[in-house]
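A.B. asks: There's a structure below that I have some questions on.
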Amino acid sequence: MLIRKASGEEMLKLWDYPDVNAASPTARFFYQNISSGNADFWTLEHEGELIGELYAFRNIEADHDFADGSSTAYLCAFRIRKEYRGQGLGSKLMETVLADLKSAGFQRATIGVGPEEEQNVRLYHRLGFISKIKNCYADPCAMDENMNPAPDEGFWLLSKEL
């Protein structure tokens with residue numbers, strides 16, 4: 001298994017976009033933040049194949065409860081391919097990203113989860129995301145056609161001290 005930071009171009013390829021001009025507003029937002037250094041795209045690879053991803057945003061201008069650029073970072077789009085779940089690989093990816101954030105001087109990480117996503121809630125609690133900051137009804141990393149945060153049915157913003 002290989003855990004590494006990847007490029008915005010690799011993110012576009014993963015999301016099936018030929019380039020940033022063809023990308024959705026959300027993909028453009030991720031690409032721009034990765035390219036500017038405001039976000040890291042972390043990958044988990046097995047035998048050269050991408051099996052997991054996690055994004056770490058340093059600053060979310062739309063809402064500093066998520067990430068404030070200095071003490072709090074926001075994690076999102078945490079995915080492990082189904083056939084690789086339950087083996088501790090996602091935990092290893094998360095631990096690597098959290099250690100990197102801590103070494104960069106961040107004291108807290110946040111992550112969003114829908115209250116109905118019981119399996120993810122249990123996972124995040126086990127990983128230390130136990131403090132609920134607030135209920136959210138807009139996703140600051142999902143952009144509408146005007147590049148504004150898209151409305152969401154509702155999720156919890158959880159935090160963990162690093």
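Where a number appears in this text, it was derived from the coordinates with a stated rule and is not lab data. Only a predicted model underlies this, so the values are computations on that prediction, with no experimental measurement involved. In this analysis, Cβ positions are derived from the backbone assuming ideal geometry, glycine residues included, and neighbour counts consider all displayed protein chains.
A.B. asks: Could you derive backbone 3J(HN,Hα) for segment 106-116 from the dihedral phi with the Karplus parameters 6.51, -1.76 and 1.60 (θ = phi - 60°), listing whole Hz in sequence and x where the residue is Gly or Pro?
C.D. replies: 6, 9, 8, 10, 10, 8, x, 8, x, x, 7
A.B. asks: Which aspartates and glutamates, on any chain, are close to residue 13 with Cα under 20 Å apart, when same-chain ones fewer than 8 places away are left out?
C.D. replies: Cα-Cα hits under 20 Å: 40, 45, 47, 49, 53.
A.B. asks: Convert each backbone phi in segment 31-39 into a coupling constant with the Karplus relation 6.51 cos²θ - 1.76 cosθ + 1.60 (shift: θ = phi - 60°), then list the ³J(HN,Hα) values in order as whole Hz, x for Gly and Pro.
C.D. replies: Result, ordered by residue: 4, 4, 6, 5, 5, 7, x, 7, 9 Hz.
A.B. asks: Hey, what do the phi angles of segment 85-101 turn into as Karplus ³J(HN,Hα) couplings, whole Hz, using 6.51/-1.76/1.60 and θ = phi - 60°, x for Gly and Pro?
C.D. replies: Result, ordered by residue: 6, x, 10, x, 5, x, 4, 5, 4, 4, 4, 5, 5, 5, 5, 5, 4 Hz.
A.B. asks: Can you give me the Rg/Rh ratio for the chain, using Cα atoms for both radii and the Kirkwood formula for Rh?
C.D. replies: Radius of gyration relative to Kirkwood radius: 0.94.
A.B. asks: Could you list which residues have their amide H under 5 Å from that of residue 142, counting only those 5 or more apart in sequence or on another chain, with H placed in the peptide plane?
C.D. replies: 150
A.B. asks: While we're here: Got a sec? Charge dipole of segment 2-161, +1 on Cβ for Lys and Arg, -1 for Asp and Glu; which of 56, 24, 36 is way out at the positive end?
C.D. replies: 56
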